[in-house]
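**Q** The structure under discussion is supplied below as structure tokens; questions concerning it will follow.
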Amino acid sequence: MPQDPSRTPSRSSASRSEARTEDPNPGLASLLDELTTLEQRGLRRRMRPIDGPQTAEIVVDGRPSINFCSNNYLGLADHPALIAAARDAMEREGFGAGASRLIVGNLTAHRRLEDHIATWKRTDAALLFNSGYHANVGVVSALAGPEDAIYSDALNHASLIDGSRLSRATVHVYPHLDLGTLAELLQGGRHHRRRLILTDAVFSMDGDQAPLADLVRLARRYDALLLVDEAHAAGVLGEGGAGPTLGLGIDVQIGTFGKALGGFGAYVAASAPLIDYLVQRARSFVFTTALPVPVAAAATAALDLVQGDEGQRRRAALIRVCARFHAGLQKLHLPAPVSPSHIVPILVGDPERTMTLSENLLARGIYVQGIRPPTVSPGTARLRFTLMATHTDDHIDRALAALAELRHHLPPA
């Protein structure tokens, strides 16, 4: 039977493969060495195939599982309203934006969404970015430079850290939520041209919240700008899901549509002059093609949902899910955060043991990822549960039962 040519490498490609194996490029060889080291330390990452929509029940590696990994906190990722809005916009206005916003990509769908965001956030203006990472890297590196200073919480998201590095500003990392140390650093940095405080609103790996009102007072006292990344808070917290930043007078509010709002893309909400400045200086905005039209339309539909009755019902359902899960963890005497957040870390410590626990949970139909360094600090590898409004009592009880079976492998509270 003849072989399928699409499955059989050509003689030339096979020869090239052999040549690479026999005499690898030194640069490639060093990469392979690093991969081997990561494997030996239990830190090598792999992508699992996931099938089906991003719901509370998914198929992982061909295995039906309850999804405790998703940031789809309100369960909007497959909502009919978002799908209809995307489809209608695509039929009406096409798919791709064609270019950056400053060339020919400043389309009606983008402007409409920015108007919605500014109204929702009660700010003068808003600006779209292609992801939360694009937003944080672009905004931080635009607002701070070599003459400036950045003050960043130790547990801030990697995108805020990378934006700080790109800015070439003097960077001070203060201990997590330690406002006393932050005040001392601000006091000693009055000689800088501009000072920028960076914090997550809800911290992505621990689920705790920043004391935003206190940070606003510090920023005003020391004439600093305050930037808050509310990626894990937008849609979930605050009036109309507008986040805990609402009404506090925070200078720069950054959020994403890729989590509770069920879509993709990100926003910056701020004063009109600051938004205008970002249009001039934020390189991750200036030099990239604008979001596809259906993506922007779906985000607009998501904003309508979270501000209405359905959004309120889903936030209430998420609160109930969080309370049930946290109460169950306490009965099992497992370490759980003090406040019942929708992000629930269970610290394990050792990376290999963490991943073994993740596999054992998956074998029981519970999909929860192990989080290891460098995402978290050495010695703090963890199982990171994320909860959704669409989790049922049965989902939560099955997760708790699986944890109970593995209790002897988990640290005490």
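The values are calculated or read from the model by the stated rules, or taken from the named source; none is laboratory data. This structure is a prediction, so every number in the text was calculated from the model and none was measured. So basically every Cβ, Gly included, is an ideal-geometry build from the backbone, and we count neighbours across all protein chains shown. The accessibility values were calculated without ligands, DNA or RNA, using every heavy atom of the protein model including side chains. Shrake-Rupley method; radii C 1.70, N 1.55, O 1.52, S 1.80 Å.
**Q** Among the candidates Ala99, Ala85, Ala89, which residue alone is over 30 Å from Gly349 (Cβ atoms) and either open to solvent by less than 10 Å² (accessible area, probe 1.4 Å) or part of a strand (DSSP E or B) (or both)? First the steps, then the outcome.
**A** Values: Ala99 fails: either open to solvent by less than 10 Å² (accessible area, probe 1.4 Å) or part of a strand (DSSP E or B) (or both); Ala85 fails: either open to solvent by less than 10 Å² (accessible area, probe 1.4 Å) or part of a strand (DSSP E or B) (or both).
Every option except Ala89 fails the conditions.
**Q** Sticking with this one: Out of curiosity, is Ser70 in a loop (DSSP other than H, G, I, E, B), at negative phi, in contact (Cβ under 8 Å) with a residue 60 or more places away in the chain and open to solvent by less than 30 Å² (accessible area, probe 1.4 Å)?
**A** yes
**Q** Being among the polar types (S, T, N, Q) and within 19 Å of His232 (Cα to Cα) is the filter here; which residues of segment 305-346 pass it?
**A** Gln307, Gln312, Ser339, Ser341 - these are the residues of segment 305-346 that are among the polar types (S, T, N, Q) and within 19 Å of His232 (Cα to Cα).
**Q** What pairs can you find where one residue is in segment 144-161 and without any contact (Cβ under 8 Å) to a residue 40 or more places away in the chain and farther than 18 Å from Asp251 by Cα, the other is open to solvent by less than 10 Å² (accessible area, probe 1.4 Å) and outside any strand (DSSP E or B), and their Cβ atoms are less than 7 Å apart, with a gap of 6+ or different chains?
**A** Pairs that qualify, where the first residue is without any contact (Cβ under 8 Å) to a residue 40 or more places away in the chain and farther than 18 Å from Asp251 by Cα and the partner is open to solvent by less than 10 Å² (accessible area, probe 1.4 Å) and outside any strand (DSSP E or B): there are none.
**Q** Can you pull out the residues in segment 248-278 that are open to solvent by 30 Å² or more (accessible area, probe 1.4 Å) and touching an Asp or Glu at 6+ places or on another chain (Cβ under 8 Å)?
**A** The answer is Ser271, Ala272.
**Q** On to the next question. Take Arg281 and decide whether it is touching a residue at least 60 places away in the same chain (Cβ under 8 Å) and crowded, with 19+ Cβ neighbours inside 10 Å.
**A** no
**Q** Spot the failing condition for Pro53; the list is (1) assigned to a loop (DSSP other than H, G, I, E, B); (2) more than 30 Å from Thr386 (Cα to Cα); (3) modelled with pLDDT of 85 or more, and only one is missed.
**A** Just one mismatch for Pro53, condition (2).
**Q** So in segment 204-229, with the set limited to residues that are more than 15 Å from Leu186 (Cβ to Cβ) and outside any loop (DSSP other than H, G, I, E, B), which one is most open to solvent (accessible area, probe 1.4 Å)?
**A** Only one residue fits best here, namely Gln209.
**Q** Can I ask one more? List, please: which pairs have Cβ atoms under 7 Å, are six or more places apart or on different chains, and start with a residue in segment 34-48 that is farther than 14 Å from Pro374 by Cα and end with one that is basic (Lys, Arg)?
**A** Leu35/Arg44
**Q** Right, next: As an exercise: evaluate Leu32 against (1) open to solvent by 90 Å² or more (accessible area, probe 1.4 Å); (2) more than 30 Å from Gly235 (Cβ to Cβ); (3) modelled with pLDDT of 85 or more and give the number of the one condition it does not meet.
**A** For Leu32, the failing item is (1).
**Q** Having 2 or more residues that are open to solvent by 50 Å² or more (accessible area, probe 1.4 Å), over 27 Å from Ala260 (Cβ atoms) and free of Cβ contacts under 8 Å to residues at least 24 places away in the same chain is the bar; report the helices (runs of 4 or more DSSP H) wholly within segment 302-413 that clear it.
**A** 351-363
**Q** Name the pairs: first residue in segment 212-225 and over 16 Å from Thr199 (Cα atoms), second residue of a type in the set (A, V, I, L, M) and assigned to a helix (DSSP H, G or I), Cβ to Cβ under 6 Å, at least 6 apart or on different chains?
**A** Pairs found: Tyr222/Leu186.
**Q** Take Asp350 and tell me if it is under 25 Å from the mean Cα position of the chain (by Cα) and of a type in the set (Asp, Glu).
**A** Here the answer is yes, as Asp350 does meet what is asked.
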